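Visitor: Could you have a look at this structure, given as structure tokens, before my questions?
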Amino acid sequence: MRMILCAAALMGAAALVSSAASIPADGLTGNYIEARTADVYTGPCFANGEIEMNGREAVFAWKIAGGSWGGVNLAGLAVVGVVHAEHTLGNPYEPLNPAVAVLIVDSRAGAAQRVALVSFAKAQAGILLDHVLRIDYQPVELTIENGNIHGGAATLTAGTMATIRTRAMNSGDHICGNEDVFYPPLNKLEHSMPAYAIEDSYQGDGLGETWTSMYRRSGFLGTFQVDATVATD
């Protein structure tokens, strides 16, 4: 009986080791916001009318609720990407769409955290952040009303450089009756909801332009959960 119990204990321990080995050593969870200079929740007729005229610019941000990236704790910090592309972002007829970008890193971050935030943002955004022309450091705040992205109300501020304010979509935002998410979010998310962008603004340097876009069906709120093992890939 004692030998059987020992064997069972060894098998259980081996299973625990195997299970632990499959759990990521670190990872990140949090909230996301995005706004563009063209409607993303729209009908084909409106989207076709804006394509290559609007939508080359976007502001997006990740606010980290908890976790680490490359072994660096990033809980409570945020990072913002600002991009200007040659064509409308998401234009299916222009799969090659060169873009330049600015990153705004939370000024509350320490030296190692700043490096990790830049690495995380570049890993998430891919080619959108291949050509970062400037990195700025500003206090970044992302507040989602009642902590519920489905409510649609959120505010992002990155110092005086970037702002997004959103509300939930309502019946007055349905104009043609064929509205849907025409352009998906620019970054991979666990869950996302379109939102009405009351304001989307970038007033910083580095891109050769600034903008303020008001009252558009151009926003997203979302949540993300990222396996940080990719930080060392």
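The values are calculated or read from the model by the stated rules, or taken from the named source; none is laboratory data. It should be emphasised that the depicted structure is a prediction, and the values quoted were computed from it without experimental measurement. Every residue, glycine among them, receives a Cβ derived from its backbone with ideal geometry; neighbour counts consider all protein chains shown.
Visitor: Would you tally the residues in region 158-185 being under 21 Å from Gly49 (Cβ atoms) and not aromatic (Phe, Trp, Tyr)?
Guide: The total comes to 12.
Visitor: One residue is enough: does region 169-179 have a residue meeting the conditions surrounded by 13 or more Cβ atoms within 10 Å (Cβ to Cβ) and aliphatic (A, V, I, L, M)?
Guide: Checked region 169-179: at least one residue is surrounded by 13 or more Cβ atoms within 10 Å (Cβ to Cβ) and aliphatic (A, V, I, L, M).
Visitor: Another question, then. When residues of region 89-120 are filtered for being surrounded by 17 or more Cβ atoms within 10 Å (Cβ to Cβ), modelled with pLDDT under 95 and touching an Asp or Glu at 6+ places or on another chain (Cβ under 9 Å), how many remain?
Guide: 1
Visitor: For the subset of region 211-230 comprising residues that are surrounded by fewer than 20 Cβ atoms within 10 Å (Cβ to Cβ) and modelled with pLDDT under 95, which member is farthest from the chain's Cα centre (by Cα)?
Guide: Filtering first and then ranking leaves Thr229.
Visitor: Yes or no: region 103-125 includes at least one residue that is among the small types (Gly, Ala, Ser), under 22 Å from Ser201 (Cα atoms) and touching a residue at least 60 places away in the same chain (Cβ under 8 Å).
Guide: There is at least one residue in region 103-125 that is among the small types (Gly, Ala, Ser), under 22 Å from Ser201 (Cα atoms) and touching a residue at least 60 places away in the same chain (Cβ under 8 Å).
Visitor: Does region 27-46 hold any residues that are crowded, with 23+ Cβ neighbours inside 10 Å and outside any strand (DSSP E or B), and which are they?
Guide: Thr37, Ala38, Asp39, Val40
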